[in-house]
Amino acid sequence: MMAAEKPAMELGELRENEPMSRHTSWRTGGPAELFFRPASIEGLSQFLAELDPAIDVFWHGAGSNLLVRDGGIRGVVISAGRILRDIERVETYLVKAGSGVPCTQLARHCLRWEIGPSEFFAGIPGTVGGALAMNAGAHGGETWERVESVRSIDRQGEIHERAPAEYSVGYRSVKGPSNEWFIEGTFRFEPDVKASRQNLDAMLERRKTTQPLGLPSCGSVFRNPPGDHAARLIEAAGLKGFRIGGAEVSSKHANFIINSDGATATDIEALIEHVRHTVREEHGVELLHEVRIVGEVSQ
């Protein structure tokens, strides 16, 4: 056992060699050496405090923006989304949400409370924690434009409350204290902006008609380059429908790669690199991927 000792049941559930294909929206990927689901924040803090410092920790959210290589992840994967699902209106324009709250749920609560601008959260396919980690955005809005404060937990199990000034935030990029993971965000909305059901429904309908929802994917694979759209460049390069193994560039939205037929993570990563190379050759543009690629290459 890699931890100092196997945690008692009240701390949570610890599994060995857990297939990450069960925990990513691409439905592929190798196993986690250890996979821990805490039963409470206290259990999570104790688990981290007692964990051997030599063991690598990987924080798992909804797995909606994640590719795990076929060789899997060494160390321990912590999946705390089930205990981080609280959402609360703490002031008229201030909303606190746990990292496990789906962004669509945050948008719907704000709609009910008639506070905005918040509808853009409905266009983010993952959770609040993932949105905080990458400054996710949609339809002209970005997560960190709304952040009032965050709570995080560190490698020793200590919880911190931090201000936006402690982070360097850019387009799909957030850098802050190392070896800390978001457990909660507090978001401030505007007194003169009401959330609109019409706007929210229009955003959801646009997602339905323009994206391959219902098929295993990670959402947008690549960041939009300055002044352009990755999907346009990929489509103009003739890559819609291009396949490697079971991985395919979506014919509906060129910035989506779908697992259409039992794709391995190796298939998907190879297709990502093929798209990058082709766009570079055709347009002279270097695409950067939004998706996080982790783990070991299969031997």
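The values are calculated or read from the model by the stated rules, or taken from the named source; none is laboratory data. It should be emphasised that the depicted structure is a prediction, and the values quoted were computed from it without experimental measurement. We place every Cβ from the backbone using ideal geometry, glycine too, and count neighbours over all the protein chains shown.
Going by the structure shown, is residue 204 in contact (Cβ under 8 Å) with a residue 60 or more places away in the chain, surrounded by 12 or more Cβ atoms within 10 Å (Cβ to Cβ) and of a type outside the set (Phe, Trp, Tyr)?
Judged against the criteria, residue 204 is a match.
For region 190-217, give me the residue count where each residue is in contact with a Gly (Cβ under 8 Å, 6 or more places away or on another chain) and of a type in the set (Ser, Thr, Tyr).
Qualifying residue count, region 190-217: 1.
Across region 146-171, which residue is farthest from the chain's Cα centre (by Cα) among those that are part of a loop (DSSP other than H, G, I, E, B) and within 22 Å of residue 293 (Cα to Cα)?
155
Which one of these is among the small types (Gly, Ala, Ser) and surrounded by 18 or more Cβ atoms within 10 Å (Cβ to Cβ): 241, 227, 245, 219?
The match here is 219.
Determine whether region 137-145 contains at least one residue that is over 18 Å from the mean Cα position of the chain (by Cα) and among the acidic types (Asp, Glu).
Checked region 137-145: no residue is over 18 Å from the mean Cα position of the chain (by Cα) and among the acidic types (Asp, Glu).
Out of the residues in region 96-144 that are β-branched (Val, Ile, Thr) and out of contact with any Gly (no Cβ under 8 Å at 6 or more places or on another chain), which is surrounded by the most Cβ atoms within 10 Å (Cβ to Cβ)?
Among those residues, the one meeting the criterion is 101.
Is at least one residue of region 179-197 free of Cβ contacts under 8 Å to residues at least 60 places away in the same chain, among the charged types (D, E, K, R), under 18 Å from residue 119 (Cα atoms) and surrounded by 13 or more Cβ atoms within 10 Å (Cβ to Cβ)?
Within region 179-197 (the criterion being free of Cβ contacts under 8 Å to residues at least 60 places away in the same chain, among the charged types (D, E, K, R), under 18 Å from residue 119 (Cα atoms) and surrounded by 13 or more Cβ atoms within 10 Å (Cβ to Cβ)), the answer is no, since none of the residues qualifies.
Kindly check whether there is at least one residue in region 193-212 that is outside the structural domain of residue 92 (by TED's automatic domain parsing), closer than 19 Å to residue 274 by Cβ and either in contact with a helix residue (DSSP H, G or I) (Cβ under 7 Å, 6 or more places away or on another chain) or among the hydrophobic types (A, V, I, L, M, F, W, C) (or both).
no
List every residue pair whose Cβ atoms sit under 6 Å apart, with the two residues 6 or more apart in sequence or on different chains, where the first one lies in region 259-287 and is crowded, with 20+ Cβ neighbours inside 10 Å and the second, anywhere, is part of a helix (DSSP H, G or I) and not hydrophobic (A, V, I, L, M, F, W, C).
Filtered contacts from region 259-287: 287/276.
Hey, could you check region 111-123 for residues that are assigned to a helix (DSSP H, G or I) and within 22 Å of the chain's Cα centre (by Cα) and say which is modelled with the lowest pLDDT?
123
With respect to residue 71, determine if the residue is more than 16 Å from the chain's Cα centre (by Cα) and at positive phi.
When the stated conditions are applied, residue 71 does not pass them.
Within region 148-169, how many residues are under 24 Å from residue 112 (Cα atoms) and crowded, with 22+ Cβ neighbours inside 10 Å?
The total comes to 1.
Confirm whether residue 220 is closer than 23 Å to residue 292 by Cβ and at pLDDT below 95.
Against the criterion (closer than 23 Å to residue 292 by Cβ and at pLDDT below 95), residue 220 qualifies.
Would you check if residue 236 is under 30 Å from residue 277 (Cα atoms), surrounded by fewer than 16 Cβ atoms within 10 Å (Cβ to Cβ) and either in contact with a strand residue (DSSP E or B) (Cβ under 9 Å, 6 or more places away or on another chain) or not assigned by TED's automatic domain parsing to the domain that holds residue 49 (or both)?
Considered against the rule, which asks whether it is under 30 Å from residue 277 (Cα atoms), surrounded by fewer than 16 Cβ atoms within 10 Å (Cβ to Cβ) and either in contact with a strand residue (DSSP E or B) (Cβ under 9 Å, 6 or more places away or on another chain) or not assigned by TED's automatic domain parsing to the domain that holds residue 49 (or both), residue 236 comes out as yes.
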